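Notes follow once the structure below has been shown.
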Amino acid sequence: MKSTTGTFRPVVTADGSGIVSHAGAALLRELADESGLTQGWTAALHDTYKGTPVHLPGRVLTDLAVTLADGGDCLADLAALRDQAALFGPVASHPTSYRVLDRVGAVQLDALRAARADARAKVWAAGGGPDLSDGAGVVMDVDASLLTAHSEKQGAAPTYKHGFGFHPLLVFLDRPDVSGGEALAAILRPGNAGSNTAADHLTVLDLALAQLPEHARPTPGVPDGPQVLIRADSAGATHAFLAGCRARGVGYSVGLSIDQKIQDAITRVPSDAWQSAISADGELRENGEIVELTDLLDLSAWPTGSRVICRRERPHPGAQYRFTDIDGHRFQILLTDTPGRGNDIAALELRHRQHARVEDRIRNGKDRGLRNLPCQDLHTNAAWVELALAAADLTTWAQALCFTGDLRKAEPKRLRYRALHVAGRLVRTGRRLILRLDKDWPWATDLADAFNRLRAAPWPG
């Protein structure tokens with residue numbers, strides 16, 4: 001009996017020519033070159049070589065960053081570019097790429113960070129930065145995350161969740177205009193590092209501020225200068241950290257733990273003082289009310305001008321109640337130094353609630369190299385973290401500068417499927433090399449336009 005399933009079985013041959021995959025990854029590689037990141041990273045490691053290396057270190061490191069953005073999570077995944085020599089040219093081997101990483105000590109890591117800051121300034125100048133024309137300034141989010149180590153690695157330690165690995169602290173620039181935020185800074189810490197260590201928060205804050213272009217950095221004591229706000233959960237609510245923010249000219253909006261004094265203040269709030277919280281589109285929320293507690297608390301221990309805002313809501317059905325759930329409400333407290341009084345608290349509470357976006361930034365970061373630290377030594381894994389930050393930056397810059405529509409806000413998995421992993425055919429005509437994309441691919445035109453926008457961008461200098 002013959003099969004009637006109608007299965008389409010094409011004839012498969014291995015005689016094609018000029019066909020390449022991961023064509024969209026070439027966009028990120030070209031962006032690294034145009035922004036000066038490749039050259040800057042080469043200069044950062046140039047003094048570690050006695051002669052001229054076969055593979056320039058900046059090229060090796062940017063190829064690794066592109067590989068992470070393309071979905072790789074270890075040094076061996078560099079083969080995704082190396083196996084496409086017709087498109088990417090000579091790509092370093094696995095051992096060579098490790099030797100380049102091994103050259104990155106503390107001094108070189110600072111130089112890599114400085115080069116990434118210079119590249120960011122060029123991308124922003126070319127049109128890939130956030131819109132700062134309204135004077136709103138930039139918003140940064142700081143948060144920590146656990147990275148599991150599946151073998152003994154230098155600097156790894158047991159974690160508070162009974163695992164083993166690292167507890168890095170990261171800062172992302174909030175970019176709601178594109179899918180992900182720019183990855184400003186990170187410090188690699190052992191798994192038993194504290195969540196609310198003020199010294200670590202100040203260290204990563206300084207690294208993040210150094211990543212901002214000059215025109216976006218705050219000036220202490222100049223209220224009319226560039227505005228920068230740092231958001232954090234309650235781990236950021238330490239006196240030393242907030243005092244450090246004030247000294248650096250950085251505003252803050254941090255979560256605050258509920259103690260007995262705050263509970264007493266909540267019970268003294270008149271019932272008619274609560275007002276509705278708002279959603280991101282400005283509409284009133286059905287479940288959520290807010291009130292300012294500043295006048296009911298002694299805030300003299302916090303920086304001058306600090307304010308406390310409380311939000312209450314009914315827990316979702318099935319939620320387990322806690323001791324702090326007064327009258328069946330669940331409460332969240334935020335501490336901010338944004339000036340104002342009364343009718344602005346809905347916007348301030350919404351702004352702080354949007355700190356939750358940092359969880360998406362970290363999740364996407366783990367999809368671009370942060371999930372796995374592949375090396376044994378701490379200094380090479382610290383360099384790997386820098387590459388993961390660069391991978392996030394390259395993706396965000398490409399979306400802001402080169403893409404429109406859905407691809408501008410696509411998460412890494414979708415962007416790879418639609419653009420980065422696209423196949424094409426390389427054709428030589430005269431002195432030109434042409435990459436032909438499949439005209440039937442739904443996003444072929446978007447990718448071609450992205451290359452054109454990158455090359456037409458007004459790059460400085």
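Taken together, the values in this text are just the output of simple stated rules run on the coordinates, not laboratory data. Keep in mind the model is a prediction, meaning the values are calculated, not measured. Note: ideal-geometry Cβ built from the backbone for every residue, glycine included; neighbour counts use all protein chains shown.
Among beta bridges from DSSP that stay inside the chain, the antiparallel ones total about 85%. With helices as the sole contributors, the chain gives -10000 deg cm²/dmol at 222 nm; each DSSP H run of n ≥ 4 counts as -39500 (n - 2.57), and the sum is divided by every residue.
Which is the longest part of the chain that has none of the chymotrypsin sites (Phe, Trp or Tyr not before Pro) sitting in a DSSP loop with at most 13 other Cβ atoms within 10 Å? Here the longest segment lacking exposed loop sites spans 161-320. The H on the amide N of GLU182, modeled in the peptide plane, is under 5 Å from the matching H of LEU173, ARG175, each at least 5 residues off or on a different chain. Going down the list LYS366/LYS413; LYS366/LYS439; LYS366/LYS409; LYS50/LYS153, which pairs span over 23 Å between their C-alpha atoms? Table pairs above 23 Å Cα-Cα are LYS366/LYS439; LYS50/LYS153. Of the trypsin sites (Lys or Arg not before Pro) found in the stretch 11-101, those in coil by DSSP whose Cβ has at most 15 other Cβ atoms within 10 Å are LYS50. For the chain, which longest stretch is free of loop sites, where a loop site is one of the GluC sites (Glu not before Pro) that DSSP puts outside H, G, I, E and B and that has at most 13 other Cβ atoms within 10 Å? The longest uninterrupted stretch comes out as 284-461.
How large is the dipole of the chain about the Cα centre if only Lys and Arg carry +1 and Asp and Glu carry -1, each at its Cβ, rounded to the nearest 20 debye? It comes to approximately 1540 debye.
This structure gives P(r) over Cα pairs in 20 Å bins from 0, in percent, computed directly, and of [x] 20, 37, 22, 18, 3, 0; [y] 22, 50, 24, 4, 0; [z] 19, 38, 23, 13, 6, 0 that value is listed as [y]. Applying both filters, DSSP loop and at most 11 other Cβ atoms within 10 Å, to the trypsin sites (Lys or Arg not before Pro) of the stretch 153-235 gives LYS161. Summarising the amide proton neighbourhood of THR159: residues at separation of 5 or more, or on other chains, whose placed amide H is nearer than 5 Å comprise PHE164, GLY165. Note on the stretch 239-387: antiparallel DSSP beta bridges, both residues inside, total approximately 100 percent of the bridges counted.
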